[in-house]
Amino acid sequence: MIKTDSSRVHLMNERKVERIMRILVTGGAGFLGSHLCEDLVSEGHKVLAVDNFYTGTVENLTKIINDPKFEIVDHDICMPFHADVDAIYNLACPASPIQYQKNPVQTTKTSVLGAINMLDLARKLEIPILQASTSEVYGDPAVSPQFEEYWGNVNPVGIRACYDEGKRLTETLFFDYRRQYNVKIKVARIFNTYGPKMQIDDGRVISNLIVQALRDKPITIYGDGTQTRSFCYFSDLLSGLKLLMKTEALIHTPINLGNPIEFSILELAHLILELTNSNSKIQFVPLPLDDPKQRKPSIKKAIELLDWKPSIQLEEGLALTIQDLAARI
Ligand code: NAD
Ligand code: UDP
């Protein structure tokens, strides 16, 4: 047996982790998926994106569409899929409440059938697979901050259930594929993430409010605006996802990824009005059903296990997102 000192082993591990791979990104034409594809291509990897263009667009991929390392396939992950790849990021699923509630049955199918198809592929190829799960698994949480051991408070028959319960069942499938078939799974619970490339009509709060402010239209606040969210800039989130994928150690828990600084929606609105120098007025409209009252991640596990925490503050991230949306509207 060849003896190696520990620094050499460390170096070998690093090389192994950094090797060029062929990576499958489902939802690769979406907001987060397209940024992830760009990142992976710029790191030298070959990327195969799969998307049915439900909320994603080819425009999101302008930077890499002609790169020989990048390929995109128009495919619905509810149907089985095969490709020879070294790792899978499973991001396909509409994330905006307005979008995922348009066709709730399809949303649940995407989560559940899509996960089964992707897990079967990971099992067959014996490769790691990362699931883009969500803070929605905590529903309208009774504890704050939300830590990974909290089981959540979800209305299973409400209008958000197609997404929340779909994602919860996906987590169940991921952990059962590990227990039953030894698939190397990684589950990230993503808290509200925003940034350039969000669709103008996406419907989520940051893009909605910025577009309204830039157009001097009323700023729609659902309910009284005291509900809170914690907003993470996309580049911070992606570094967390990539670290989780690269971690060789088995992590037997989902990991929260998000920015732990909590803002009320009213505070967010005032910040956007100030940064856009807008003449818009605030307009209160009814709160949608089951809208969670608070969101704030505990990121203790991400700090300990991944050495990750976000670095972009809301004001900075908003300024960059405003620049991008202003250029597009
Ligand atoms: P997005 O809607 O911009 O992207 C989703 C992508 O998946 C789109 O390109 C869409 O066309 C594609 N898609 C949807 N159904 C599909 C199907 N059946 N087959 C193939 N492709 C399909 O949303 P996003 O913000 O980029 O979110 C990406 C992932 O991250 C989602 O799984 C979402 O649940 C998760 N997530 C996002 C956030 C966030 O704040 N952005 C928070 C929590 C979780
Ligand atoms: N919201 C709002 N005005 C909008 C869009 C959203 O007040 O134009 C609120 C929404 O009710 C929720 C919060 O902003 O309380 C975040 O909504 P989003 O759809 O971005 O994501 P969620 O965290 O609810 O999935």
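Going from the fewest other Cβ atoms within 10 Å to the most, the residues 217, 69, 281 appear in the order 281, 217, 69. Between the alpha-carbon centres of the range 233-251 and the range 90-131 there is a gap of 19 Å. Here the 3J(HN,Hα) profile of the range 75-89, calculated from phi with Karplus coefficients 6.51, -1.76 and 1.60 at θ = phi - 60°, is 8, 8, 6, 5, 9, x, 9, 10, 7, 8, 10, 9, 6, 10, 9 Hz, Gly and Pro shown as x.
By other beta-carbon atoms within 10 Å, ranking 62, 107 with the fewest at the front produces 62, 107. The value of relative contact order for the range 176-328, using C-alpha pairs under 8 Å at least six residues apart, is 36 percent. Between the amide H of residue 50 and those of 25, 26, 27, 28, 73, distances stay under 5 Å, these residues lying 5 or more places away or on another chain, with hydrogens modeled in the peptide plane. With the largest listed first and rounded to whole Å, the semi-axes of the equivalent ellipsoid of the chain from the Cα gyration tensor are 33, 22, 21.
Please compute, over every Cα-Cα pair in the range 252-329, the percentage with a separation greater than 18 angstrom.
Numbers: 1768 of 3003 pairs.
Above the 18 Å cut-off, the range 252-329 has 59 percent of its Cα pairs.
Here, the range 174-223 is characterised by an Rg to Rh ratio of 1.32, where Rg is the alpha-carbon radius of gyration and Rh the Kirkwood radius. Between the range 154-223 and the range 271-318, the C-alpha centres lie 13 angstrom from each other. Once backbone amide H atoms are built at 1.01 Å from N, residue 77 has no partners under 5 Å, excluding neighbours fewer than 5 places away on the same chain.
Once the Kirkwood radius over Cα pairs is known for the range 57-128, the Stokes-Einstein relation at 10 °C and 1.306 mPa s delivers a diffusion coefficient of 115 µm²/s. Summarising the label geometry, the points placed 7 Å from Cα in the beta-carbon direction at residue 172 and residue 102 lie 2.8 nm from one another. For the range 44-51, putting each phi into the Karplus relation 6.51 cos²θ - 1.76 cosθ + 1.60 with θ = phi - 60° gives couplings of x, 6, 8, 10, 10, 9, 10, 7 Hz, in residue order, rounded to whole numbers and with x for Gly and Pro. Please work out the Kirkwood hydrodynamic radius for the range 192-250, using every pair of different C-alpha atoms, and report it in angstroms with one decimal place. One decimal place: 13.7 Å for the Kirkwood radius.
How much net charge surrounds residue 181 when only the other residues with a Cβ under 14 Å from the Cβ of residue 181 are counted, with Lys and Arg +1 and Asp and Glu -1? Before the final figure, lay out each step's value.
Numbers: positive: 123, 124, 178, 179, 184; negative: 120, 126, 176.
In short, +2.
Both radii are taken from the alpha-carbon atoms of the range 249-290; with Rh as the Kirkwood radius, Rg/Rh is 1.22. Other residues within the sphere of radius under 14 Å centred on the Cβ of residue 229, judged by their own Cβ, net out at -1 (K and R +1, D and E -1). Cross-link reach is defined here as a Cα-Cα straight distance under 26 Å, omitting same-chain residues fewer than 8 places apart; for residue 281 the lysines meeting it are 197, 217, 293. Here the 3J(HN,Hα) profile of the range 304-314, calculated from phi with Karplus coefficients 6.51, -1.76 and 1.60 at θ = phi - 60°, is 6, 8, 10, 6, 10, 7, x, 10, 8, 7, 3 Hz, Gly and Pro shown as x.
Using the scaling law 2.2 N^0.38 Å as the reference, what is the normalised Cα Rg of the range 187-286?
Values: Rg = 16.0 Å, N = 100, 2.2 N^0.38 = 12.7 Å.
This ratio for the range 187-286 stands at 1.27.
When +1 charges are put on Lys and Arg Cβ atoms and -1 charges on Asp and Glu Cβ atoms, the dipole computed for the chain relative to its Cα centre reaches about 560 debye.
Output the relative contact order of the chain, whole-number percent, from Cα pairs under 8 angstrom with separation of 6+ residues. Dividing the mean separation by the residue count of the chain yields 16 percent.
Would you mind ranking 79, 245 by Cβ crowding within 10 Å, fewest neighbours first? Provide the component values of the computation, followed by the final result.
Numbers: 79 10, 245 20.
The most exposed by this proxy come first: 79, 245.
What is the sum of charges, Lys and Arg at +1 and Asp and Glu at -1, for the other residues whose Cβ falls under 14 Å from the Cβ of residue 162?
Values: positive: 102, 109, 160, 167, 168; negative: 136, 164, 165, 290.
After counting each charged neighbour, the total is +1.
Note on the chain: antiparallel DSSP beta bridges, both residues inside, total approximately 10 percent of the bridges counted. In the range 129-272 the Cα-Cα distances spread across 5 Å bins starting at 0 as 2, 9, 16, 19, 20, 15, 10, 5, 3, 1, 0 percent of all pairs.
Every number here is computed from the coordinates shown, using simple stated rules; none is lab data. Just so you know, these numbers come straight off a predicted model, no measurement behind them. No Cβ is skipped: glycine too gets one built from the backbone with ideal geometry, and neighbour counts run over all protein chains shown.
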